[in-house]
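Report on the structure given below.
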Amino acid sequence: MNFKALAARFALVVSCGLMTATPAAAQFWQCVTFARSVSGIEIRGNANTWWDQAAGRYERGHSPKAGSVLAFSPTSRMRVGHVAMVSKVVSDREVLLTHANWSRPGAVETNVLAIDVSDAGDWSKVKVWYGPQGDLGTSVYPTKGFIYSGHAPAGDTLDVQPSYQMASATRTITATQRANAAQLATIQHGPTDPRGIFTLVNEAN
């Protein structure tokens, strides 16, 4: 067997070994699975069904609260909607979101900026931090409102580094959310982007 044939066989063996050794943790997060895990809001199904499913089960409204989930309306580019947990309320028109499957497929972003750009100030239209740009995206997304988890004791914080620099970056969320996020952090792996945290994590149903 000549050297080229040996090298080709070695490369084939290595590549097959890598494929078979790929852990389940390489699967990507869907936004709904991640939002449910960190918020404690037990709703299943596509993101565009969460708002209606929450009726009668969870309080809903149009003012952001830490620990609540912002439900995005479906659009032509986002046909099943999107859901994201509010990790901190910065002002009447600014929040930090922790969510998955937004800037990059299957990736988690923590404490990224979203702003209300609606005329009425009711969070019916938002712009959201987009990692590849390192800034707010140019698109405006319609939303249905916030679904509240209903367990948010004051002063309970999650000790996670924000994905971009901002004054007053402490988030207030619940003990359950803190425990869930801490558990998820133990299985996070993959690269991070200095403009925003993007970590590929295990899909957990």
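Checking G45, G67 one by one, the residue that is closer than 20 Å to D116 by Cα, modelled with pLDDT of 95 or more and assigned to a loop (DSSP other than H, G, I, E, B) is G67 and no other.
Taken over segment 117-149, residues that are exposed (fewer than 15 other Cβ atoms within 10 Å of the Cβ) and of a type in the set (G, A, S) amount to 4. Each residue in segment 84-97 was checked for being assigned to a strand (DSSP E or B) and under 19 Å from T138 (Cα atoms), and 5 pass.
Hey, does segment 15-37 have a residue that's of a type in the set (V, I, T) and at pLDDT below 95? Yes: segment 15-37 contains one or more residues that are of a type in the set (V, I, T) and at pLDDT below 95. Residues in segment 76-91 that are of a type in the set (V, I, T) and within 13 Å of S149 (Cβ to Cβ): V83, V86.
Candidates in segment 48-64 are the residues that are part of a loop (DSSP other than H, G, I, E, B) and of a type in the set (S, T, Y); of these, the one that is nearest to P142 (Cα to Cα) is S63.
Whenever a residue of segment 29-49 is closer than 20 Å to R79 by Cβ, its partners that are surrounded by fewer than 21 Cβ atoms within 10 Å (Cβ to Cβ) and among the aromatic types (F, W, Y), lying with C-beta atoms within less than 9 angstrom and at least six residues away or across chains, give the pairs I43/Y58.
The values are calculated or read from the model by the stated rules, or taken from the named source; none is laboratory data. It should be emphasised that the depicted structure is a prediction, and the values quoted were computed from it without experimental measurement. Reconstructed Cβ throughout: ideal geometry from the backbone, glycine too, with neighbour counts over all protein chains shown.
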